[in-house]
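Everything on this sheet refers to the single structure shown next.
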């Protein structure tokens, strides 16, 4: 049997502006996210607790937005909804230039959080519409790579700006981010808006989505996968520096390793995986996650500082390989398992799992870190085991998970 050729990079000639919009968006996000708390502390008189409360409130209020726009995507197409999210985020970040009270930060942060939720609800719909059959893993992989590299470049720009430490430098960070969303809006104008034809597939609306048990099992798998993804930002750096007492640069090295591996290795790995069954690749991703967590736990037992750093970096490499294996495949299975006419609602529900993981992970992982190394890493191993079990289950009942990567 001949296997599909997944070694060829997807052509961006027809959809170069969409790719450019994603790159610009990710650079803007990468500029602001690392210094978001520092920005408000430097430009307002509010305390850390007040700023944190405002951002948490905004995040919680944004939770319903993604599912609510699913119907709009199915009715009007992803493009106009995505552009509305771009404008909302541009307005939210512009508002950061003048905020001074907790409620003002909450309103602007809600625009940004809601915009991000809408963006990711539309993202998979847009990629599924633009990518040719058999090329969706390649497209999700390519866009995941450029987003990671954009985040890295944005992070470097923010580090330079923060080194000046002036009010003007912080304001410049916000202006760059706001302008990135305006530019993304303009670039998206050239992206075709593919709308499904109304028909029998659209019958049932949200009721049909919520009764689809096969897809709900896929959403449960997405929740497990997302919890592991949030470990990178929340648990791993704190564990390395504060719990293990490793040098501060270790946290930066972990982020750099993750960004470089995903940015430059995603396409290579997806090409290598061509012809392999998707559900088995998802299982392998969770296995690599679990191996990384066990290495982090082992680092707590290593006395030599240099050796402990090496074990943490090895664990970070294993963890990142799990992300590379599962990221594009998870997105593709979610997109292809939804009927065309209801894809907006289906992917909005799938994205809600990621949003819920993002809301729960900070408190849950922080609490486990306080409890001890064994508590957090063995719990995350358990999450990986559950994820692998769910991946096996959807491989039996979800046709898209039974398919081979690159298959038409």
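The values are calculated or read from the model by the stated rules, or taken from the named source; none is laboratory data. All values derive from a computational prediction rather than experimental measurement. FYI the Cβ positions are ideal-geometry reconstructions off the backbone, even for glycines, and counts take in every protein chain you see.
Could you grab me the full set of residues in the stretch 128-144 that are under 24 Å from residue 84 (Cα atoms) and surrounded by fewer than 23 Cβ atoms within 10 Å (Cβ to Cβ)?
Kept after step one, since they are under 24 Å from residue 84 (Cα atoms), are these residues of the stretch 128-144: 128-131, 139-140, 143-144.
Within the stretch 128-144, 129, 130, 131, 144 qualify.
Tell me which residues, restricted to the stretch 61-113, are outside any helix (DSSP H, G or I) and either at pLDDT below 85 or in the same structural domain as residue 351 (by TED's automatic domain parsing) (or both). If you could, list the steps in order and put the result at the bottom.
Taking the stretch 61-113 as the starting set, the residues that turn out to be outside any helix (DSSP H, G or I) are 62-64, 77, 96-101.
Hits for the stretch 61-113 are 62, 63, 64, 77, 100.
One residue is enough: does the stretch 244-257 have a residue meeting the conditions under 21 Å from residue 398 (Cα atoms), crowded, with 17+ Cβ neighbours inside 10 Å and modelled with pLDDT under 85?
Just the residues of the stretch 244-257 that are under 21 Å from residue 398 (Cα atoms), to begin with: none.
No, that holds for no residue.
When residue 365 is evaluated against the numbered criteria (1) surrounded by fewer than 19 Cβ atoms within 10 Å (Cβ to Cβ); (2) under 21 Å from the mean Cα position of the chain (by Cα); (3) more than 19 Å from residue 281 (Cα to Cα), which criterion, by number, is the only one it fails?
If we test residue 365 against (1) surrounded by fewer than 19 Cβ atoms within 10 Å (Cβ to Cβ); (2) under 21 Å from the mean Cα position of the chain (by Cα); (3) more than 19 Å from residue 281 (Cα to Cα), just (1) comes out false.
Looking at residue 241, is it touching a helix residue (DSSP H, G or I) at 6+ places or on another chain (Cβ under 9 Å), in a helix (DSSP H, G or I), free of Cβ contacts under 8 Å to residues at least 40 places away in the same chain and under 18 Å from residue 376 (Cβ atoms)? Step through it out loud before you land on a result.
Working: touching a helix residue (DSSP H, G or I) at 6+ places or on another chain (Cβ under 9 Å): yes; in a helix (DSSP H, G or I): yes; free of Cβ contacts under 8 Å to residues at least 40 places away in the same chain: yes; under 18 Å from residue 376 (Cβ atoms): yes.
Answer is yes for this residue.
Test residue 95 against the criterion of being surrounded by fewer than 24 Cβ atoms within 10 Å (Cβ to Cβ) and under 14 Å from the mean Cα position of the chain (by Cα), and give yes or no.
Working: surrounded by fewer than 24 Cβ atoms within 10 Å (Cβ to Cβ): yes; under 14 Å from the mean Cα position of the chain (by Cα): no.
No, not satisfied.
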